[in-house]
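Take a look at the structure below.
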Amino acid sequence: MTTLLTFGDSNTYGAAPLYADDIRERYDAATRWPTRVSASLGWDLIEAGLPGRTAATPDPTDMGDHMDGRLGLAIALQSCGPIDYMTLMLGTNDVKTHLALTATEIAAHIEGLVATALSDEMQTRHNGFKLLLIAPPPVREIGFLTEKFANGETASNALPALLKDIATRHGTAYLNAGDYIEVSEMDGVHYGPEMHEKLAVAVTGTLAKL
């Protein structure tokens, strides 16, 4: 059976748009884009989405040190497998105001994860797998998360072009999710159910061509 690992943050986990800081809701398997993709392709699925995850930045003041994607990716790749395909979609939480990262810095962090996934160690461990790098749709500074993501919209909009260059340099597949979906107007960060459906179609089509 072909196996897919989806590695990312809350939008890979399937978190619904937030309307209050103390409310956490997750879409069911029939709604989430990773489960839709696996169902469409008939592949086994390993979901590795963690709400709050960054590419390479511990976040002790907000979500915790374990949000560092470098730690999460190492655990994911060493605790499962072999896998045949992997999607990597991060960069949304990295534009939070208090992290003060530029788009260039965020892209460099994501490139580090790409290098890890494509390293001889991980490719050998899994008998080789193909990577799809996904640029998340830009955040919007609306809703009650506006303060947390203040000034993050500019960096978020700059990421897709930078990530496309990374994919080209490393010879891996690339998808700009912003070409297909947009974030919810409720919180400016997460996706509504219809966006999960659209993203699933785009990801399915891209993976099927690899």
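Here are the numbers:
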| read-out | value |
| --- | --- |
| Solvent-accessible surface (1.4 angstrom probe) belonging to Y27, in square angstrom, nearest 10 | 30 |
| Order of exposure, largest accessible area first, which applies to M86, M1, M195, M63 with probe 1.4 Å | M1, M63, M195, M86 |
| Tail beyond 15 Å, pair distance distribution of the range 53-162 (Cα, percent) | 64 |
| Over the range 51-210, relative contact order from alpha-carbon pairs under 8 Å, at least 6 apart, % | 21 |
| Shape of the range 1-117, Cα gyration tensor, a/c cut at 1.5 | oblate |
| Residue order for Y174, Y19 - accessible surface, 1.4 angstrom probe, largest first | Y19, Y174 |
| Positive dipole terminus of the range 96-160, leading residue within P137, L99, S156 (C-beta point charges) | P137 |
| Protein-only accessible surface order, largest first, of H109, H126 at 1.4 Å | H109, H126 |
| Alpha-carbon centroids, the range 72-104 and the range 164-202: separation in whole Å | 14 |
| 22 Å tail of the calculated P(r), the chain, as % of Cα pairs | 44 |
| Stretch gain in nm, segment V201-A74, where the contour uses 0.36 nm per residue and the Cα spacing is subtracted | 42.9 nm |
| Prolate/oblate/rounded call for the range 24-86, Cα gyration tensor, a/c under 1.5 rounded | oblate |
| Computed helical MRE - 222 nm, the chain, DSSP H runs ≥ 4 contributing -39500 (n - 2.57), nearest 500 | -12000 deg cm²/dmol |
| Cα gyration tensor shape of the range 133-210, rounded if a/c is under 1.5, else prolate or oblate by comparing a/b with b/c | oblate |
| In sequence order, calculated HN-Hα J values of the range 98-110 (Karplus, 6.51, -1.76, 1.60; Hz; x Gly/Pro) | 6, 7, 6, 9, 8, 4, 5, 5, 4, 4, 5, 5, 5 |
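The values are calculated or read from the model by the stated rules, or taken from the named source; none is laboratory data. Predicted model, so just to flag it, every value in this text is computed and none were measured. For neighbour counting, all protein chains shown are included, and Cβ atoms are generated from backbone atoms with ideal geometry for every residue, glycine included. Calculation scope for accessible area: heavy atoms of the full protein, side chains included, ligands and nucleic acids excluded. Shrake-Rupley method; radii C 1.70, N 1.55, O 1.52, S 1.80 Å.
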